[in-house]
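Inspection log for the structure reproduced underneath, given as structure tokens.
The values are calculated or read from the model by the stated rules, or taken from the named source; none is laboratory data. The structure presented is a predicted model; accordingly, all values stated were derived computationally and were not measured. Neighbour counts run over all protein chains shown; Cβ positions are idealised from the backbone, glycine included.
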2 protein chains.
Amino acid sequence: MRKIDLTSFQVATSETARDINRRIVLDLIRTRQPLSRADLARLSGLQPSTISVIAEQLIAEQWLTEGAFGYLPRGRKPRFLHLNVERAGIIGINVRPAITTIALTDLNARFIAQESFPTATEPQAFIKDLCARVSGFMKVRPQVFYEGIGMSLPGRVDQVSQRLVFAPNLGWRDIDLKKPLERATGLVVEIENAANACALAEIWLSQRADGMRDLIAVTVSEGIGTGIIANGQLVRGATGVAGEFGHVSINEDGPACQCGNRGCWEVYASNSATIRAYMQATSNGRTSRAAKTSAAQHANEPAFEDILRLAEQGDVKAAEALDRMAHYLGFGISMLVTGVAPSLIVLVGEVTRAWQRVGPIINQVIAERSPTATMTSIVPSEEAAQPRLRGSIALVLQKHFAAPSTA
Amino acid sequence: MRKIDLTSFQVATSETARDINRRIVLDLIRTRQPLSRADLARLSGLQPSTISVIAEQLIAEQWLTEGAFGYLPRGRKPRFLHLNVERAGIIGINVRPAITTIALTDLNARFIAQESFPTATEPQAFIKDLCARVSGFMKVRPQVFYEGIGMSLPGRVDQVSQRLVFAPNLGWRDIDLKKPLERATGLVVEIENAANACALAEIWLSQRADGMRDLIAVTVSEGIGTGIIANGQLVRGATGVAGEFGHVSINEDGPACQCGNRGCWEVYASNSATIRAYMQATSNGRTSRAAKTSAAQHANEPAFEDILRLAEQGDVKAAEALDRMAHYLGFGISMLVTGVAPSLIVLVGEVTRAWQRVGPIINQVIAERSPTATMTSIVPSEEAAQPRLRGSIALVLQKHFAAPSTA
DNA sequence: ACATATTATTCGAGCCTCAAACTAAATAAG
DNA sequence: CTTATTTAGTTTGAGGCTCGAATAATATGT
């Protein structure tokens, strides 16, 4: 039961029914292809005649193609319908502090081409670079009809102003990435926070989230981000800043966080936190001063990957640091499990590489902490699957395959 | 953008457009009445001809009545339309550990009659009692057409099985309240958790939540419950058990909670927690005995109302206990503000009577803790407004005024 | 009395789904 | 080889819906 938004609603026109049914048909094919018209009639409950008309329209508009004939022991053979992989290309962009990736996919969200480049540190330089690279990327395949561009950003995105409000690890504030890129490419650009993008990727493009309506993506890197999907929809809150559970305090008197709060979850469970914990553990002996003064991001500080590698090689301190991280990840996730009770929580980040180690700890803490633990499964999303990039694709896919905005 | 639920969707029929537009018109009238047909055409964007047909239909079905004529300096006078307050009665039931209340309202959710009785301690006895009382309550006004029954329950409700899973303060487990009452009354019964009901009451029936899409109700009594509305919809999670933020741990090593977790929010910020804190503070000196014997529920324990009264009368220990409660309420609410970033958080419970004292503390803690504090306003909902009872009404109203389930 | 302004209704065009009849294409049985 | 049977897909008319133009209704000011 959704309350009608009387400040911004859409009345139904004579074409609304078609719009709704088209999208149902399109999404059925997307997720269950190949399907025949008869299959569609059975699955949707629409009359075969209606399906015929809709299919004809979708084929004319190049959304669908007719494929092979199916086999049946009796009767006329069904003609299978597929998403038209020739029709359109969707461009996804994943901006990360070090590297930015551009990718092209078909309507099935399957990667066709991909290219990466270092992320410029200055926002204006980055914008210039990005526009040039995307334009060049598009020119390589001039025959493709580009559907749109989705962009995943490592920071807060204001959905009203459509700007990047703050990206802590880039130091960028209030940047308009959308308009310049739209001007440069002539395509519509959708921007979204990385954790939200991951959540979208999961609900739109993953097999395991099939049929789920509530899930959460937790991105663990320098900080912790959460993307929440409830009732099949992203929870964006007042101005699109929801899902900042990384800055919820899990210890009232914990250490100060950059955000102004104390004892934030990400101060305990992020990659950076784990690096700090490892450094502290190893600095007991004579290395302490050296380690401390080396300080900050540069110098002798290990990367998170180093800790993963060390732990795998049997380094006790590194393993302990990871165990600590897993413990706090579990603690924070138990908050989400108890409070939101999603069907699925997906972890994104380098830490998932050590899932054999951290997975059991995380699950154990949740089992101890949350009365509804059994309702929610916790799974890792490997970085290799490029969840942020896939999410940026989902951002564009949504517009055509989501329920229409009626009432 | 809402993903279509392919496991349970509704295709559009030729009547879908009317269904959508009818509901828009109905909800416009509900919230902005009185409105003329011309007003409706302007507000909705539908053609006057379409509005005429819809209005005619809604009047024929007794949803609307034509009222007075409006005044205009020029032209034909508009005829105002109202919700038909004669048509229907909605029955709301608020089950609380001590007292159960039955109420009758019109379509405007305005109370017409109300009656309370002590809640039986045995579930089966309660069901019998409830059915008899509701039947009797209905027979008093035989001319009313009863639209349905909504029921707010002090515990977890499974939306799949439509049963009360667990009510901690009643000690009830896995009770079916819906079916017996439906049999006894012949009406459809909707059940919902009390915090969720309060959230519904707020978004459907409060002036201050007008236009808001995201809000949270926090019920504070023996425990703490949270009802979350995101995108205009209740967040119910996997089986309707979402919103149990009261059992999120705010202190890893805090005292054990009945739920199995440690340091749950409600262990710090509920009425019971505040009573415990007060007892502990007073048990040091000699005043302890007097306060203890003032008594309430068991033995010498004061009721939460006693603490409220004592604080108002200048009792320092009582005031300190309330300040402590406010502090922890703020701490827990800051978690919701940061994580969900709703436009509004409504506090429900006896503690709101001391809002002058606790309000500033709560707001201050949130301001210190949440970077998005300014996006969310925190307001008290007086018990006198009967939020749970109004929520049970909203539960029934929803079915007719919410967006239809399409796609 | 007449022009003007505003509300509300009437009616035909066009879009949509439905349901029944029909065509298409395959296999099994006689 | 012919015919019945089965399944897929199309054609067609009926009925519901919104739109938009024309029209009716009803008020005020000149």
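Considered as a group, the residues in segment A:310-367 that are more than 14 Å from chain B (Cβ to nearest Cβ) and of a type in the set (S, T, N, Q) include one that is surrounded by the most Cβ atoms within 10 Å (Cβ to Cβ), and that residue is A:THR352.
When the residues of segment B:14-26 are narrowed to those that are without any contact (Cβ under 8 Å) to a residue 60 or more places away in the chain and at the interface with another protein chain (Cβ under 7 Å from one of its Cβ atoms), which ends up nearest to the chain's Cα centre (by Cα)? The qualifying residue nearest to the chain's Cα centre (by Cα) is B:ILE24. In the set B:PRO123, B:PRO97, B:PRO73, B:PRO78, only one residue is within 26 Å of the chain's Cα centre (by Cα) and farther than 20 Å from B:ALA385 by Cα; that residue is B:PRO123.
Quick one: which residue in A:ALA88, A:ALA103 is within 30 Å of A:GLU222 (Cα to Cα), surrounded by 17 or more Cβ atoms within 10 Å (Cβ to Cβ), more than 14 Å from chain B (Cβ to nearest Cβ) and not hydroxyl-bearing (Ser, Thr, Tyr)? Don't jump to the end; show me each part of the working.
Details: A:ALA88 fails: within 30 Å of A:GLU222 (Cα to Cα).
Answer to the selection: A:ALA103.
Let's see how each residue does on (1) in contact with a helix residue (DSSP H, G or I) (Cβ under 7 Å, 6 or more places away or on another chain); (2) within 8 Å of chain A (Cβ to nearest Cβ):
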site	(1), (2)
B:ASP5	no, yes
B:SER8	no, no
B:VAL11	yes, yes
B:THR31	no, yes
B:SER36	no, no
B:ALA41	yes, no
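Look at (1) surrounded by fewer than 20 Cβ atoms within 10 Å (Cβ to Cβ); (2) at pLDDT below 95 and you find that B:SER116 fails only one, number (2). A single member of B:VAL85, B:VAL160 is over 21 Å from B:THR185 (Cβ atoms) and either without any contact (Cβ under 8 Å) to a residue 40 or more places away in the chain or within 15 Å of DNA strand D (Cβ to nearest atom) (or both), and it is B:VAL85.
Can you say whether B:ALA384 is under 30 Å from B:VAL188 (Cα atoms) and surrounded by fewer than 23 Cβ atoms within 10 Å (Cβ to Cβ), as far as the supplied structure shows? So B:ALA384 passes the test. Determine, yes or no, whether B:GLY254 is free of Cβ contacts under 8 Å to residues at least 24 places away in the same chain, under 23 Å from B:ILE362 (Cα atoms), outside any helix (DSSP H, G or I) and more than 8 Å from chain A (Cβ to nearest Cβ). Here the answer is yes, as B:GLY254 does meet what is asked.
When A:ASP129 is tested against the conditions (1) of a type in the set (Asp, Glu); (2) within 12 Å of DNA strand C (Cβ to nearest atom); (3) touching a Phe, Trp or Tyr at 6+ places or on another chain (Cβ under 9 Å), the lone failure is (2).
Restricting segment B:173-182 to residues that are surrounded by fewer than 21 Cβ atoms within 10 Å (Cβ to Cβ) and touching a residue at least 40 places away in the same chain (Cβ under 8 Å), the residue that is nearest to B:ILE91 (Cα to Cα) is B:PRO180. Considering only residues in segment B:37-65 that are near DNA strand C (Cβ under 7 Å from one of its atoms) and among the hydroxyl-bearing types (Ser, Thr, Tyr), the one that is farthest from the chain's Cα centre (by Cα) turns out to be B:SER49.
Entry remark, segment A:206-248: residues being within 9 Å of another protein chain (Cβ to nearest Cβ), among the hydroxyl-bearing types (Ser, Thr, Tyr) and surrounded by fewer than 24 Cβ atoms within 10 Å (Cβ to Cβ) number 1 in total.
In segment B:157-175, is there at least one residue being within 19 Å of B:LEU329 (Cα to Cα) and in a strand (DSSP E or B)? No: segment B:157-175 contains no residue that is within 19 Å of B:LEU329 (Cα to Cα) and in a strand (DSSP E or B). Look at segment B:120-131: where a residue is within 14 Å of B:LYS178 (Cβ to Cβ) and assigned to a loop (DSSP other than H, G, I, E, B), no partner that is among the hydrophobic types (A, V, I, L, M, F, W, C) and modelled with pLDDT under 95 sits 6+ places away or on another chain with Cβ atoms under 9 Å.
Starting from segment A:67-78, take each residue that is within 6 Å of DNA strand D (Cβ to nearest atom) and list its partners that are hydrophobic (A, V, I, L, M, F, W, C), counting only C-beta distances under 8 angstrom and pairs at least six apart or across chains. Here the result reads A:PRO78/A:ALA38; A:PRO78/A:PHE69; A:PRO78/A:LEU72, each pair linking segment A:67-78 to a residue that is hydrophobic (A, V, I, L, M, F, W, C).
Looking across segment B:190-244, the residues that are at positive phi and touching a Lys or Arg at 6+ places or on another chain (Cβ under 6 Å) come down to B:ASN231, B:GLY232.
Here's the yes/no breakdown for (1) small (Gly, Ala, Ser); (2) under 15 Å from the mean Cα position of the chain (by Cα):
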| position | (1), (2) |
| --- | --- |
| A:ALA195 | yes, yes |
| A:CYS198 | no, yes |
| A:ASP214 | no, yes |
| A:GLU222 | no, no |
| A:GLY232 | yes, yes |
| A:ARG236 | no, yes |
| A:ASN251 | no, no |
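Residue count for segment A:1-20, restricted to those that are within 8 Å of DNA strand C (Cβ to nearest atom) and either in contact with a strand residue (DSSP E or B) (Cβ under 9 Å, 6 or more places away or on another chain) or of a type in the set (A, V, I, L, M) (or both): 2.
Given the conditions (1) surrounded by fewer than 24 Cβ atoms within 10 Å (Cβ to Cβ); (2) over 25 Å from B:PHE245 (Cβ atoms); (3) away from every other protein chain (no Cβ under 14 Å), report the number of the one that A:VAL379 does not fulfil. Evaluating A:VAL379 over (1) surrounded by fewer than 24 Cβ atoms within 10 Å (Cβ to Cβ); (2) over 25 Å from B:PHE245 (Cβ atoms); (3) away from every other protein chain (no Cβ under 14 Å) leaves (2) as the failure.
Count of segment A:43-66 residues, restricted to those that are within 14 Å of another protein chain (Cβ to nearest Cβ) and more than 10 Å from DNA strand D (Cβ to nearest atom), is 4.
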